[in-house]
Amino acid sequence: MLKDQTKMTRPNVSLVAIAKNESLYLTEWIAYHFAIGFDRIYVYNNDSRDRSLELLEATAAIEPRLSIINWPTNEHSGPQEAAYNHAAQHVGSEWVAFLDIDEFMVPWRDMSITDYLRTMPDDVSSMHVNWRGFGSNGRLSPIYDSVIETFTACSQKNWGNNYHYKSIIRTRAIDRVFTHYAKVKYG
């Protein structure tokens, strides 16, 4: 029996985020998401005044899969949704995810986002990933070395905020992107 070759190819998946003064965990966030299988990461820099842009530029100089887009605040629209909708038109990948810089996607079952996306039927336009809230872990200082090593205590499963989600969407299906989801044309 022949295997379905469309499921054997690696999905092309991009990650998009907007960053403003995120230097504390920006490099870790980028490295982590490349490690779990994202092919490209686009970071929209929104008027950062800390070392965020410097860190992004240094990382992009050695990591060609990282793209930086300067995205100043516009008085006529919120920067996050505007950046996401811009990205939806320009990333060119089969799938795209939109996360905040303090959000880490954890592909528990498959250990790779690309392995998981290979299991999606062709008629699936969007998949939603529930949040799992992590609090301060008892920390009183905003200074720490690693997000994933520092914040290990999560909320109870039934906590209301865990019902929020982020989306991974087939790029060709996107009609409009909002902060946590996209309106799709089909599927």
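The values are calculated or read from the model by the stated rules, or taken from the named source; none is laboratory data. What you see is a predicted model, and the numbers here were worked out from it, not measured in a lab. Cβ placement follows ideal geometry from the backbone for every residue including glycine, while neighbour counts extend to all protein chains displayed. In case anyone asks, the SASA skips ligands and DNA or RNA and just uses the protein heavy atoms, side chains included. Shrake-Rupley method; radii C 1.70, N 1.55, O 1.52, S 1.80 Å.
Determine, for each peptide in 152-159, 138-145, 86-93, the mean count of other beta carbons within 10 angstrom over its residues, then list the peptides with the highest first.
Details: 152-159: 10.0, 138-145: 8.0, 86-93: 16.6.
Answer by packing, highest mean first, reads 86-93, 152-159, 138-145.
Find the relative contact order for the chain and round it to a whole percent, using C-alpha pairs within less than 8 Å whose residues are 6+ positions apart. Kindly include the intermediate steps, with their values, before the conclusion.
Values: 307 pairs, mean separation 45.7, N = 187.
Taking the mean separation of contacting Cα pairs over the length of the chain, I get 24 percent.
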For Phe98, which sequence-distant residues (separation of 5 or more, or a different chain) have an amide H within less than 5 Å of its own amide H, given hydrogens modelled in the peptide plane? Val16, Ser167
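Give the accessible surface of segment 1-145 per residue, rounded to a whole number of Å², with probe radius 1.4 Å and ligands, DNA and RNA excluded.
On the way: 8210 Å² over 145 residues.
Using a 1.4 Å probe on heavy atoms only, each residue of segment 1-145 averages 57 Å².
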Counting all Cα-Cα pairs in segment 1-113, those more than 24 Å apart amount in percent to 27 percent
Separation of the Thr119 and Ile69 label points, Cα + 7 Å toward Cβ, nm: 3.1 nm
Can you run phi through the Karplus equation (6.51, -1.76, 1.60; θ = phi - 60°) for segment 21-31 and list ³J(HN,Hα) in whole Hz, with x for Gly and Pro? 6, 10, 4, 4, 10, 5, 5, 4, 4, 5, 4
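Quick check on segment 36-91: take the gyration tensor over C-alpha atoms, sort the square-rooted eigenvalues as a ≥ b ≥ c, and tell me if it's rounded (a/c under 1.5), prolate or oblate. Please list the in-between numbers first.
Numbers: a/c = 2.79, a/b = 1.28, b/c = 2.18.
Oblate shape, in that a/c is at least 1.5 and b/c is the bigger or equal ratio.
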Could you tell me the number of lysine pairs in the chain with C-alpha atoms less than 26 Å from each other, where the two lysines are 8 or more residues apart or belong to different chains? 8
On a C-alpha basis, how far is the centre of segment 100-114 from the centre of segment 127-187 in Å? Whole number, if you could? 10 Å
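So which GluC sites (Glu not before Pro) in segment 9-83 pass both tests, a DSSP loop state and at most 12 other Cβ atoms within 10 Å of the Cβ? Before the final figure, lay out each step's value.
Numbers: sites: Glu22, Glu28, Glu54, Glu57, Glu75, Glu81; in loops: Glu22, Glu75.
Within segment 9-83, the qualifying GluC sites (Glu not before Pro) (loop, at most 12 other Cβ atoms within 10 Å) are Glu75.
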Using a cut-off of under 14 Å, list every residue of segment 34-71 whose amide N is near the label point 7 Å from the Cα of His86 along the Cα-to-beta-carbon line. 42-48, 67-71
Share of accessible surface on carbon and sulfur in the chain, whole %, 1.4 Å probe and ligands ignored, is 54 percent
